[in-house]
Amino acid sequence: MKTANYRAAVIGLGLISNVHIKALEDIGITIVAVCDNKPERAKAMGQQLNCVSYTCHEAMISAGGFDVLHNCLPHYLHAPISTAALEKGFHVVCEKPMATTVADAKTMLAAAAASGAKLEIIFQNRYNPSTMAIKQALDSGELGQVLGGWLRVTWYRGEDYYTNNDWRGRWATEGGGALINQSIHTFDLMNYFLGNPTRVNASVANRAHPSIEVEDVAEGIIAYGDINVSFYINTFHPYNAPVALEIVCENGIAAISGKTATITYKDGREAAKYVNDDTENVHAKDYWGYSHITQIAAFYDALAGKAAKGVCGAEGLRTQRLVNGIYDSSKQRQAISL
């Protein structure tokens, strides 16, 4: 299915780029350029896709010939290269996190506003059937007032995960660890469900990865006005356990565990279950999420005026504020207003 006659460029040809490329191919978007600082990787992908290959982002942006740039680079390169493309009027689909700092995220938004280009941040799990079911139940008011909640992400990342990629595990290049990388999607889901976080009180630490600078564990509490949400995350669990969250409401409980969402009402109704079983849309490790293709297709439909906007830069900034607020709270050893 071809959503529109748009041309895409993909920069950063690591693992996550394969998900974007497959999604673009599935929805009929032509990839006209790729870029990677490893010449052999750029050349091989250019040949595979029958498109132009670059090893310099400045050369690719200067040459143009595309409508949308898919930024699949390491975290510290999200903001500067997305900003450079936005300033030239190219739309940008940027992988999470939006940036490593709130200031850089704001710069991206300013560039988009000045040029009129669209900025989409990949938080694909918002498009999971389980997520949409909970969102609809909360927004309908059927669950009643939200009383509180919690989230948990406990995965495993060995030392080789960091030593095999020189940008990981460093504040300057990854921007953090378990929080900004592995669990940011789950924090974004809580924002999606509950709105603007107003305050955090949290701590982060490194307990089990001596080779890295950044955290491998974090815990704390997030306030959404009068609603408190607790969290616990780490990357030294024995395996990649299912992501879990729960929202407790006056009329019931909405919960996600891995692929499944369950809404249980206090009036005795049978629990409703919603499962993310569209394995054809994964194109990756299933714990990464299920809906890259859905989000990317929705973005191109929005460009063509056939759908509402997706996860815009402002939504990305909200989650960026939360993540960086948690780091600031830990560093200052006190609660932080967002």
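So which strands (runs of 3 or more DSSP E) are wholly in the stretch 220-304 and hold at least 1 residues that are β-branched (V, I, T), modelled with pLDDT of 90 or more and surrounded by 18 or more Cβ atoms within 10 Å (Cβ to Cβ)?
Numbers: elements: 227-234, 244-249, 252-257, 260-265, 272-275.
Where strands (runs of 3 or more DSSP E) fall fully within the stretch 220-304 and carry at least 1 residues being β-branched (V, I, T), modelled with pLDDT of 90 or more and surrounded by 18 or more Cβ atoms within 10 Å (Cβ to Cβ), they are 227-234, 244-249, 252-257, 260-265.
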Item to check | Filter result for the condition that a residue is within 24 Å of F187 (Cβ to Cβ) and open to solvent by 40 Å² or more (accessible area, probe 1.4 Å), over K43, K38, K106 | outcome: K106
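Suppose we keep only residues that are among the charged types (D, E, K, R) and part of a helix (DSSP H, G or I) within the stretch 1-27. Which one would you say is most open to solvent (accessible area, probe 1.4 Å)?
Applying the filter and picking the extreme gives E25.
Go over the candidates T55, T30 one by one and state the one that is under 27 Å from A302 (Cα atoms), open to solvent by 10 Å² or more (accessible area, probe 1.4 Å) and β-branched (V, I, T). Talk me through it step by step, then tell me what you get.
Numbers: T55 fails: under 27 Å from A302 (Cα atoms).
Just one listed residue meets the conditions, T30.
The values are calculated or read from the model by the stated rules, or taken from the named source; none is laboratory data. Quick caveat, the model's predicted, so the values are computed rather than measured. Backbone-built Cβ (ideal geometry, glycine too); neighbour counts: all protein chains shown. We work out accessible area using only protein heavy atoms, side chains counted, and drop any ligands, DNA or RNA first. Shrake-Rupley method; radii C 1.70, N 1.55, O 1.52, S 1.80 Å.
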